[in-house]
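Peer 1: Before I ask anything, here is the structure I am working with.
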Amino acid sequence: MTSFNLEKQIKYWKSGAESDIETADILIEKEKCLHGLFFCHLTIEKALKAHFIKSNEQLAPKTHNLIYRLRNTDLVLDESKNKLLGILLKYQLEGRYPEYEVSTIEETHKIISEKQRNY
């Protein structure tokens with residue numbers, strides 16, 4: 001038996017993911033690449049949290065590592081989608097720590113095109 005409201009948690013993370021992808025689109029459209037990719041990472045992180053909670057009926061581990069999150073689910077992604085998780089992991093680090101370089105708009109559009117093609 002869970003000590004939290006399962007459906008409420010799933011709805012919370014899914015709603016956050018939906019909002020974050022809209023924010024990512026706006027930021028990238030405005031050529032705010034780093035922040036847009038950061039929000040792409042947040043979108044997938046929240047979707048994976050929702051899936052983890054639904055599948056395991058427990059709260060998701062606290063981590064920003066998408067690859068770790070994926071490994072703790074029953075989801076299986078192909079190589080290109082796994083690669084995308086690694087790329088987005090880099091951008092969440094860039095968004096948190098100033099020593100990472102900011103992406104160009106061209107790099108951002110390439111990553112987003114891959115994301116749209118693969119999902």
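What follows draws every value from the coordinates through simple rules; no lab data is involved. Since the structure is predicted, the reported quantities are computational estimates derived from the model, not experimental observations. As a convention, Cβ positions derive from the backbone with ideal geometry for all residues, glycine included, and neighbour counts pool all protein chains shown.
Peer 1: Quickly work out the ILE26-to-THR73 label distance, labels modelled 7 Å from Cα along the C-beta direction, and quote it in nm with one decimal.
Peer 2: Each label point is offset 7 Å from its Cα along the Cβ direction, giving 2.5 nm.
Peer 1: What ³J(HN,Hα) values, in whole Hz, does the Karplus curve 6.51 cos²θ - 1.76 cosθ + 1.60 give for the stretch 10-26 when θ = phi - 60°, with x put for Gly and Pro?
Peer 2: 4, 4, 4, 6, 5, 4, x, 5, 4, 5, 5, 6, 5, 5, 4, 4, 5
Peer 1: Let me ask another. Determine the alpha carbon to alpha carbon distance for each of LYS14/LYS46; LYS62/LYS110; LYS32/LYS62; LYS62/LYS83; LYS14/LYS49 and list only those over 18 Å.
Peer 2: Checking Cα-Cα distances, LYS62/LYS110; LYS32/LYS62; LYS62/LYS83 exceed 18 Å.
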